[in-house]
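Participant: Please find one structure pasted underneath; my questions will follow.
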Amino acid sequence: MSEVKVEIEIFDTTMRDGAQSLPAIHQFPADSKPIIADAIASLGVGVIEAGFPATPGDASEVNDVARSVGQSDYEVTVWNNGMSKTTVRPVVIAGLSRTVASDIEATWDAIEIAKRPRIHTFVSTDPTHMEAKFPNKSPDEVRAMGRQAVAFAHDISNGHSGASIEFSAEAATTTNTSYLEKVIRDAVAEGADVINVPDTVGQRSPFWMKDFYRQVINWVHSENPKVAVSAHNHNDLGNAVANSIALIQAGAEHSMYKNVDTRVQIESTVCGLGERAGNADVFPLIAGIFKFSEEMPANLVWEFNPFRSLCVAQSVMTAGGMNIDRQNPVVGSDINTHRSGIHSDGIIKGGHEIYTPFDPRFWGHGASAIHEEGKYQGKSGREAAMAYKT
């Protein structure tokens with residue numbers, strides 16, 4: 001394995017992308033965002049997107065998060081291919097804005113108080129999106145909108161030592177490649193710290209995405225190698241987590257071949273909340289990083305507190321009056337539950353590793369394996385189930 005590394009930042013958008021997708025009966029209660037953000041920050045994520053300040057009501061809620069969570073330091077475990085250490089640092093508080101000056105100003109007003117505020121501005125670059133959203137503008141004019149937005153965000157936040165700027169090319173994965181390259185290079189040149197290339201409608205495969213990310217990383221690094229490339233993937237075809245891990249693979253290959261460190265960011269949500277089929281779920285995403293880190297051609301470094309996973313998932317979902325699906329990866333109640341005689345017998349004889357890819361206790365579950373009655377349960381499993389009840 002190469003000595004160079006890939007630094008992975010986890011960006012949580014539960015309170016923006018996740019919240020905007022929720023039915024009215026499951027909206028997070030008024031004034032609850034600081035509590036939810038504090039729980040998410042305790043996971044060790046690096047960035048929390050607290051909302052869309054130009055939206056009525058969001059500005060004050062985002063500001064509440066920036067004043068509370070954004071002013072706090074959190075203890076987080078830093079993982080380096082199996083090795084770990086603990087550090088303390090603040091979390092980035094981001095607000096989303098269109099490329100409109102008033103949006104960017106509203107965002108900055110809401111988040112400026114945070115130790116590490118981030119303006120996240122975006123513009124659609126897919127031709128069908130541009131035609132629908134900007135019918136009176138040419139592609140060059142839309143490109144100028146992105147460039148000017150990043151420049152304005154840079155100017156307005158330049159006096160804050162902890163500030164950063166993220167630029168997203170909405171529907172990047174269905175954008176003309178040569179046009180996308182120009183838009184991205186413009187954003188980096190104007191001072192963007194993070195370039196996000198979303199698979200907005202979840203249309204691409206992990207194989208396609210890895211090649212795409214390699215291309216984007218090359219564009220970005222040729223302008224400024226300190227800028228991070230970010231993934232924002234939707235789960236319409238069930239590929240959101242795999243497409244996100246494809247960025248890590250692409251970053252590792254870039255690091256290996258170029259002999260340089262690479263910074264990437266993965267945008268995700270608690271339990272995959274998000275539009276339609278949802279966003280990349282942070283828990284299987286992190287579990288995948290743990291599982292596949294040794295297979296990567298460069299060293300991976302990331303921050304996360306896995307033992308907080310179940311507790312935080314329950315807290316966030318409960319805040320919206322929702323339940324965690326019993327088969328939700330990593331944090332679902334069935335992750336350590338066995339009702340098959342063959343499975344129970346194997347685990348009783350050989351340990352949870354026989355039928356579990358990780359120790360559920362690592363993620364906050366109370367037991368590595370639980371046996372329950374079921375139509376297909378065997379004698380040893382039934383005995384174990386009875387013993388568990390008592």
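Values quoted throughout were computed directly from the atomic coordinates according to the rules given, and no laboratory measurement underlies them. Source: prediction; values computed, not measured. Neighbour counts are summed over all protein chains in view; Cβ atoms, including those assigned to glycine, are modelled from backbone coordinates with ideal geometry.
Participant: Between helix 177-189 and the chain, what is the angle of the helix's C-alpha long axis to the longest principal axis, kept within 0 to 90° and rounded to the nearest 10?
Facilitator: Long axis of 177-189 versus the principal axis of the chain: about 80 degrees.
Participant: Positive end of the charge dipole of the chain (Lys, Arg +1 and Asp, Glu -1 on Cβ, about the Cα centre): tell me which of N323, Y376, S102 has its Cα farthest that way.
Facilitator: Y376
Participant: Here are several values of P(r) over Cα pairs in 20 Å bins from 0, in percent: (i) 28, 56, 15, 1; (ii) 25, 43, 23, 9, 0; (iii) 23, 49, 24, 4. Which one was derived from the coordinates shown?
Facilitator: (i)
Participant: Do any of K210/K291; K137/K226; K137/K182; K5/K258; K5/K291 go past 21 Å between their Cα atoms, and which?
Facilitator: K137/K226
Participant: Run the paramagnetic zone check for R382: 7 angstrom along Cα to Cβ, then residues of region 324-345 with backbone nitrogen under 12 Å.
Facilitator: 341
Participant: Now a separate question. Quick check: the angle from helix 282-292's long axis to the longest principal axis of the chain, C-alpha only, nearest 10 degrees?
Facilitator: Helix 282-292 and the main axis of the chain meet at about 80 degrees.
Participant: A follow-up question, please. Please work out the FRET efficiency for the pair Q71 and K375, using the Cβ-Cβ distance as r and a Förster radius of 41 Å; give the result to the nearest 0.05.
Facilitator: E between Q71 and K375, to the nearest 0.05, is 0.15.
Participant: Hey, another quick one. Of all beta bridges DSSP finds with both residues in the chain, what is the antiparallel percent, to the nearest 5?
Facilitator: Approximately 20 percent, going by the DSSP bridge assignments.
Participant: I would also like to ask the following. How big is region 26-114 on each of its three principal axes, counting only the C-alpha atoms and giving the largest first in Å?
Facilitator: In descending order, the Cα extents are 45, 28, 22 Å.
Participant: If one computes the Cα centroid of region 111-153 and of region 1-79, what distance in Å separates the two points?
Facilitator: With region 111-153 and region 1-79 each reduced to a Cα centre, they are spaced 22 Å.
Participant: At a 10 Å Cβ-Cβ cut-off, how would you order F290, F212, F304, F134, fewest neighbours first?
Facilitator: Taking fewest neighbouring Cβ atoms as first place, the list is F134, F290, F212, F304.
Participant: What is the dipole size for the chain, taken about its Cα centre, with +1 at each Lys and Arg Cβ and -1 at each Asp and Glu Cβ, in debye to the nearest 20?
Facilitator: 820 debye
Participant: Run the helix sum for the chain: -39,500 (n - 2.57) per DSSP H stretch of 4+ residues, divided by residue count, reported at 222 nm to the nearest 500 deg cm²/dmol.
Facilitator: It comes out at -12000 deg cm²/dmol, rounded to the nearest 500.
Participant: Quick one: Cα centre-to-centre distance for region 218-279 and region 300-321, in angstrom?
Facilitator: About 20 Å separates the Cα centre of region 218-279 from the one of region 300-321.
Participant: Ratio to report: Rg/Rh of region 333-389, with Cα atoms as the point set and Rh obtained by the Kirkwood method; give two decimals.
Facilitator: My calculation of the ratio gives 0.94.
Participant: Compute the helix-to-body angle for 379-389: its Cα long axis versus the longest principal axis of the chain, expressed 0 to 90° and rounded to tens.
Facilitator: Helix 379-389 sits roughly 70 degrees off the main axis of the chain.
Participant: Can you pull the one-decimal nm distance between simple spin-label points at K226 and M322, each 7 Å off the Cα toward Cβ?
Facilitator: Spacing of the two 7 Å Cα→Cβ label points: 3.7 nm.
Participant: Also: In straight Cα distance, which lysines are under 28 Å from K379, not counting same-chain residues fewer than 8 positions off?
Facilitator: Cα-Cα hits under 28 Å: K349, K389.
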